[in-house]
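Encoded as structure tokens, the structure appears first; notes follow it.
The values are calculated or read from the model by the stated rules, or taken from the named source; none is laboratory data. Just so you know, these numbers come straight off a predicted model, no measurement behind them. A quick note on method: Cβ atoms are made from the backbone with ideal geometry, for glycine too, and the neighbour counts reach across all protein chains shown. Surface accessibility is based on the protein's heavy atoms, side chains included, excluding ligands, DNA and RNA. Shrake-Rupley method; radii C 1.70, N 1.55, O 1.52, S 1.80 Å.
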Amino acid sequence: MLARGLLAAAATVFVGAVGVAQIRQEPDRWWNPGEGRIFPATLDYQNENGTLRLLLDGGPLKTEGHPFFTASGPNGRACVTCHQPADAMSLSAESARRQWDRNGARDPLFAASDGSNCPSLPQAERASHSLLIDHGLIRIARHWPPRDLGGKPIKPDFRIDVVRDPSTCNTDPRYGLTSATPMLSVFRRPRPVANFKYIEAMGFAYDPKAGMPLQVDPETGKPVSGNLMADGRVPTLAAQMRDAASAHLGFLKQMDAQDIARILDFERRLYVAQQQDRTGGAVDADGAIGGPRTLQVSQPGRLGSDGGAPVWSEFEAWEKVPEATKAKWSPEVRKFRESVARGARVFREKTFLISDTAGINSPIGFGNPVRNSCVFCHNMSYMGMDVAPGQVDLGTTNQPFADPAPHLPLFRVTCLGKPHPHYGRTILTSDPGYALTTGRCADVGRITLQTMRGLSARAPYFSNGSARDLRGVIDYYERRYTIGYSEQEKQDLVNLMRAL
Amino acid sequence: MIRGAFLSLLAFAPAVEDSVKPLRFVACPVYRDTDNGRKSGCWLTSDPATGVRYDVTAAPTKPDWNHAILVEGKLSADATDHCGGRVLEPVRVSVLEGACTRHLLPAEGYKGRRFALPERNVRPLYQARKQQQKPFVEGRFTIPFDYRSSFISYQISDYYLDATINYALDVQPAVIEIAGTAQTRPAMVSGVRLAEDAALARSRAEVVRKALILRGIPAQRVRIVERLPGPFVAAAFDGLNSPVDRRVDIRIRPE
């Protein structure tokens, strides 16, 4: 409640093209398609925990007529609709709620195709959009059986049945699993479109989780990072754009090469991170190097344990500065900064047993279980992405590990060949994840690791939004892996994540 | 460095000395939770024929506590007991489909071993790689596999695959021949009949072929053959005989 009040009252600081801060009559937090605002080189937004900063390499961008910001399809949406600057280029559930309260179903965000629980529902009703409004989830419709990149059907090694369908879309005669063109609807959070220098980086030429070299972009013949889409359904940003244009934006024709190039140029120049904490102050003060500037100038794809900066060592200085410097900090600032620095160490050093997690404990060869820390997977310097990309099943969508989610569909997967290495022959899941791309039972629930930047601006978390806040993320991991975090460690990790 | 690594790969068979009697058995694994940093836990298992408990932690691919394992190894000359079992090294572990009751032992005073990066690890792309220099010679490579698996395992199969691919990339154009092998001769091990399907030889070869193509080798230059004459790279097996039949051999002939 307090947070909502703070957000509503917060002033957006709009910083000019040459970096000179000036307070203006700020535009609305929400970017509507076609507004024609200038996207400045530095753009700040207040959130519950402080200030998010977006940095655009190469100076301001005129958004008028720019394809990222311009609606080209009949539903009135542009890329910016679901990738809002104030939400770290993702979409917070808070923003979705605000748009519903303002505009109801008229807002392009609530387009029937994926901004509602199912297009066949009465679109004027709030209940028809509950997954987006209450959980920040967009409908993702996948062909069943899956198709490869060339559109050829893949023969899956599992059968899938609908157990529960509160969205009504999986049992819908037109959009469901038994329709003329069988589709399966899952509901996911939009992924942030920024910091792509890191997301697209490849630390190795191999995906150890697949036991193969990285996927190759059929358009360029070059290998591509596996850190892009939640279910790895397309290998590149350009392919993602085409996928989004038809699935989410309702474009009636393909994006042309020039539009794609302009969007790519924008996305690849954009860096996003929390810049200021409301308690701890600037995250790049007194020797720390948090914030988006470090992302802008650092090398991507470095393994924090082998050649790169240790993951989240950006905050090491706050632990090591002389006592005389710390003495100048207020008690609140000191407490927060020391907590963030401890959180970074806990993230790197606190080991626990990781078990029954496809993509880690199978099929790579690490063993089941294996002792390691958060940086086992979140290993890329400055970003916490996976340098060896690929998909992992944390259990957030699969029973018995997933939290109860009566609002989500539930599917029963029956493996027809070899049983799943950890779940056996039958799996209950709200989102089969990567298995919807590969058709493999062993991939059920595997989902691509998410970026950890700008977290304060884009709750809820995990692909299905199952963690309402940052504490929810820690609590999930604690339950899933029986880690044994102390209360202090949990708070330190929360403080670390809110400063990213 | 790469050249050095390549030369070490060319330690051709027969280099396998059976100075210590090799062990081969099927059993359930037990995990001992020795917390000595990341990847420091111990893997133990007992040979059902003798009841002797062995430490198989040194295996490049580790067990799954829900499944039986095929153990192939030799007693280590180093008798130090870090985990609560007689150390097998070199050793290979293959995860089988047979179910096991998972069991975790506490450390009980054992320290385990601190993890050290194994020598067989693929180096990151951002590290400069020394390329092969002309004149190019014929390259021979071997990729080992676990029992009933065509999966390229981390820090063992991928290391040898990476060496193969890098060599192929350096000497292009080249003719590349791939021959897969499967362990088809049946054997009774711990009362379990072990034999690989003959089709697995082809599957393994296909995996390697696909990997080469994915990394940019023209498909028309990669050919799967029945078998390749001459020696395989024995270093991939660390002196163990029984895993030798589960492999892919590659010959790269520069043009």
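Taking every DSSP beta bridge that has both ends in region A:370-459, the antiparallel portion is near 90%. Among the trypsin sites (Lys or Arg not before Pro) in region A:289-354, those placed in a DSSP loop whose Cβ has at most 13 other Cβ atoms within 10 Å are A:Lys328. Apply 1/(1 + (r/R0)^6) to the Cβ-Cβ distance of B:Glu89 and B:Leu169, taking R0 = 41 Å, and write down the FRET efficiency to the nearest 0.05. Result of the calculation: an efficiency of 0.80.
Within the full protein context, the accessible area of A:Phe376 is estimated at about 30 Å² for a probe radius of 1.4 Å. Legend: residue pairs A:Lys209/A:Lys418; A:Lys350/B:Lys111; A:Lys320/B:Lys39, Cα-Cα distance threshold 22 Å; pairs beyond threshold, A:Lys320/B:Lys39.
Among A:Leu270, A:Pro322, A:Ala309, whose Cα projects farthest towards the positive end of the dipole of region A:262-340, with charges put on the beta-carbon of Lys, Arg (+1) and Asp, Glu (-1)? My answer, from the dipole projection, is A:Leu270. Judged by a Cβ-Cβ distance under 4.7 Å, the unpaired cysteines of chain A are A:Cys79, A:Cys82, A:Cys374, A:Cys377. Averaged over the residues of peptide A:205-218, the number of Cβ atoms from other protein chains lying within 10 Å of each residue's Cβ is 5. Charge dipole of the protein assembly as shown (Cα centre as origin; +1 on each Lys and Arg Cβ, -1 on each Asp and Glu Cβ, all else neutral): 580 debye, rounded to the nearest 20. Remark: spin-label model distance A:Asp157-A:Thr482 equals 3.0 nm, labels positioned 7 Å along the Cα→Cβ axis. Note: relative contact order over chain A, using C-alpha pairs below 8 Å and six or more positions apart, is 18 percent.
Heavy-atom accessible area for B:Thr61, with the other protein chains in place and a 1.4 Å probe, reaches approximately 10 Å². Measuring only protein heavy atoms, the 1.4 Å probe finds A:Ser305 accessible over about 90 Å². For B:Gly98, the residues whose amide H sits under 5 Å from its own are B:Ala68, ignoring neighbours fewer than 5 places away on the same chain, with H placed 1.01 Å from N. Using a Gaussian network model of chain B with C-alpha springs under 10 Å, which one of B:Phe115, B:Phe237, B:Phe141 is most mobile by mean-square fluctuation? The residue with the greatest mean-square fluctuation here is B:Phe115. Computed over the Cα atoms of region A:194-268, the ratio of the radius of gyration to the Kirkwood radius (Rg/Rh) comes to 0.98. Residues whose amide H lies under 5 Å from that of A:Arg371, counting only those 5 or more places away or on a different chain, are A:Ile354, B:Lys39, B:Ser40, B:Gly41; hydrogens are built 1.01 Å from N in the peptide plane.
Between the beta carbons of B:Glu138 and A:Arg106, assuming R0 = 60 Å, the FRET efficiency works out to 0.30 to the nearest 0.05. Only Lys, Arg, Asp and Glu carry charge here, each on its Cβ (+1 for the first two, -1 for the last two); on that basis region A:394-500 has a dipole of about 340 debye about its Cα centre. Measuring nothing but alpha carbons in region B:46-129 and taking Rh as the Kirkwood radius, the Rg to Rh ratio lands at 1.03. Positive-end ranking of B:Ala163, B:Ser153, B:Phe141 along the dipole of region B:119-184, with charges on Cβ about the Cα centre, is headed by B:Ala163. Expressed as a fraction of 2.2 N^0.38 Å, the C-alpha radius of gyration for region B:9-166 is 1.17.
With the biggest extent put first, the Cα atoms of region B:115-213 measure 51, 39, 20 Å across the principal axes. Computed 3J(HN,Hα) for region A:327-337, one whole-Hz value per residue from the Karplus formula 6.51 cos²θ - 1.76 cosθ + 1.60 where θ = phi - 60°, is 5, 7, 7, 5, x, 5, 5, 4, 4, 5, 5, glycine and proline marked x. For region B:225-238, the Karplus equation 6.51 cos²θ - 1.76 cosθ + 1.60, evaluated at θ = phi - 60°, returns couplings of 10, 4, 7, 10, x, x, x, 9, 8, 5, 4, 5, 10, 6 Hz by residue, with Gly and Pro reported as x.
Take the Cβ atoms of A:Gln491 and A:Ala127, set R0 to 35 Å, and the FRET efficiency comes out at 0.40. For a test of the definition: using alpha carbon positions, the gyration tensor, and the 1.5 limit on a/c, classify region A:264-375 as rounded, prolate or oblate. Oblate.
Among residues other than A:Arg278 with Cβ under 12 Å from its Cβ, the summed charge is -2 (Lys and Arg +1, Asp and Glu -1). Taking the charge dipole of region B:214-253 about its Cα centre, with +1 at Lys and Arg Cβ atoms and -1 at Asp and Glu Cβ atoms, the residue from B:Val233, B:Leu214, B:Pro243 reaching farthest to the positive side is B:Leu214.
Each Lys and Arg contributes +1 and each Asp and Glu -1, all at the Cβ; summed about the Cα centre of region A:169-300, the dipole is approximately 180 debye.
GNM on chain B, alpha-carbon springs under 10 angstrom: the most fluctuating residue among B:Glu108, B:Glu177, B:Glu138 is B:Glu108. 3J(HN,Hα) couplings calculated from phi for region B:128-135 with the Karplus curve 6.51 cos²θ - 1.76 cosθ + 1.60 (θ = phi - 60°) are, in sequence order, 4, 10, 7, 7, 5, 10, 5, x Hz; Gly and Pro show x.
For A:Lys152, give me every one of the aspartates and glutamates with a C-alpha distance below 19 angstrom, ignoring sequence neighbours fewer than eight places off in its own chain. Counting by Cα, and skipping residues close in sequence, A:Lys152 has these aspartates and glutamates nearby: A:Asp217, A:Glu219, A:Asp231, A:Asp243.
Given points 7 Å out from each Cα along the Cα-Cβ axis, report the A:Ala257 to B:Lys210 separation in nanometres with one decimal. For the pair A:Ala257/B:Lys210, the computed spacing is 3.1 nm.
Distance between the pseudo-spin-label points of A:Gln299 and A:Ala247 (7 Å out from Cα toward the beta carbon): 3.5 nm.
Charged neighbours of A:Arg480, selected by a Cβ distance under 11 Å, balance to -4 (K, R count +1; D, E count -1).
Near B:Asp64, the amide H atoms lying under 5 Å from its own belong to A:Asn368; only residues 5 or more places off or on other chains count, and H is placed 1.01 Å from N.
Which residues of region B:62-97 show a drop of at least 10 Å² in accessible area when all protein chains are present, compared with their chain alone (probe radius 1.4 Å, heavy atoms only, ligands and nucleic acids excluded)? SASA drop of 10 Å² or more in region B:62-97: B:Lys62, B:Pro63, B:Asp64, B:Trp65, B:Asn66, B:His67, B:Glu97.
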